[in-house]
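Visitor: Starting off with a structure, shown below.
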Amino acid sequence: MLAAAAVLIRERGPDNVSLRQIAEAAGVAHGLVSHYFGTYAALVREVLRVENDRIEARVRDRISAEGGVPLAAGIMDVLFGILADERYLRLFVWAEMHADYRGAARPELAGLIDTMEAGIRAALAGRSVPSRARIEAMVLMGLSAAYGFAIGGRSWLAGMGHDPDDPAHEAEFRVQLARMLGAHMVEESGWEAAD
């Protein structure tokens with residue numbers, strides 16, 4: 001049922017799918033979908049959870065590929081790559097704007113921040129490490145900026161007189177965002193970014 005829901009929602013968008021259509025696609029009775037998920041919002045929340053788990057796995061893989069060190073540029077590459085999928089972005093926005101979803105707990109995000117913190121500690125090996133609050137603030141700023149750019153970047157670029165289809169604009173935004181996040185991390189530690 002969840003796989004059928006994910007396919008339909010990706011194809012049609014979250015506003016254009018019903019529980020009945022999902023039941024038909026899964027080959028089950030409508031009542032069974034309602035029994036397992038309750039509401040359409042709960043089902044969308046579950047589809048989004050699976051998508052977010054996939055994102056977190058890709059970020060963890062990238063951190064592992066970077067020797068366990070969570071480099072801002074690498075994480076931004078993964079995040080912007082995922083946010084280029086307009087269907088995922090539409091699902092995310094729908095879920096965030098839906099009253100039944102807003103504020104849903106994401107304990108996996110805390111676990112991802114744990115991984116990042118461990119990587120930073122290992123990379124700095126005995127040197128001053130940014131506080132957990134600083135790392136969380138950096139993650140929040142990175143997520144906010146990346147999702148905000150994915151949602152409004154094209155309109156904002158056009159409004160500034162730039163070609164929103166020119167990939168150089170997104171590339172520059174990603175570089176500057178990674179630099180700002182890196183600077184935010186080193187500011188509290190008292191060491192230079194070149195260190």
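The values are calculated or read from the model by the stated rules, or taken from the named source; none is laboratory data. Owing to the predicted nature of the structure, the values given are computational and were not obtained by experimental measurement. Using ideal geometry, Cβ is built from the backbone for each residue, glycine included, and neighbour counts are taken over all protein chains shown.
Visitor: Scan the stretch 19-41 for residues that are under 20 Å from residue 92 (Cβ atoms) and part of a loop (DSSP other than H, G, I, E, B) and jot them down.
Guide: 39
Visitor: What pairs come up if the first residue lies in the stretch 68-79 and is farther than 20 Å from residue 121 by Cβ, the second is of a type in the set (Gly, Ala, Ser) and surrounded by fewer than 19 Cβ atoms within 10 Å (Cβ to Cβ), and their beta carbons are under 8 Å apart, counting only those six or more places apart or on different chains?
Guide: Note: pairs meeting the criteria are 76/178.
Visitor: If you take the residues of the stretch 155-175 that are without any contact (Cβ under 8 Å) to a residue 24 or more places away in the chain, within 21 Å of the chain's Cα centre (by Cα) and surrounded by 12 or more Cβ atoms within 10 Å (Cβ to Cβ), which of them is farthest from residue 80 (Cα to Cα)? Write out each step before concluding.
Guide: Here is the first cut: in the stretch 155-175, the residues without any contact (Cβ under 8 Å) to a residue 24 or more places away in the chain are 155-169, 171-172.
The next check asks that each one be within 21 Å of the chain's Cα centre (by Cα); those that pass are 155-156, 167, 169, 171-172.
Filter once more, so that each one left must be surrounded by 12 or more Cβ atoms within 10 Å (Cβ to Cβ): 156, 169.
Details: 156: 17, 169: 13 Å.
The qualifying residue farthest from residue 80 (Cα to Cα) is 156.
Visitor: Please tell me if residue 12 is among the charged types (D, E, K, R) and either at pLDDT below 85 or under 18 Å from the mean Cα position of the chain (by Cα) (or both).
Guide: Against the criterion (among the charged types (D, E, K, R) and either at pLDDT below 85 or under 18 Å from the mean Cα position of the chain (by Cα) (or both)), residue 12 does not qualify.
Visitor: (1) touching a residue at least 60 places away in the same chain (Cβ under 8 Å); (2) surrounded by fewer than 14 Cβ atoms within 10 Å (Cβ to Cβ): which one isn't true of residue 152, the others all being true?
Guide: (1)
Visitor: Within the stretch 78-90, which residues are assigned to a helix (DSSP H, G or I), over 23 Å from residue 180 (Cβ atoms) and under 12 Å from the mean Cα position of the chain (by Cα)?
Guide: Correct list: 88 only.
Visitor: Considering only the stretch 78-92, state which residues are within 16 Å of residue 174 (Cβ to Cβ) and surrounded by 16 or more Cβ atoms within 10 Å (Cβ to Cβ).
Guide: Selection gives 78, 79, 80, 82, 83.
Visitor: I'd like the full set of residues that are assigned to a helix (DSSP H, G or I) and buried (at least 19 other Cβ atoms within 10 Å of the Cβ), limited to the stretch 63-77.
Guide: 63, 72, 75, 76
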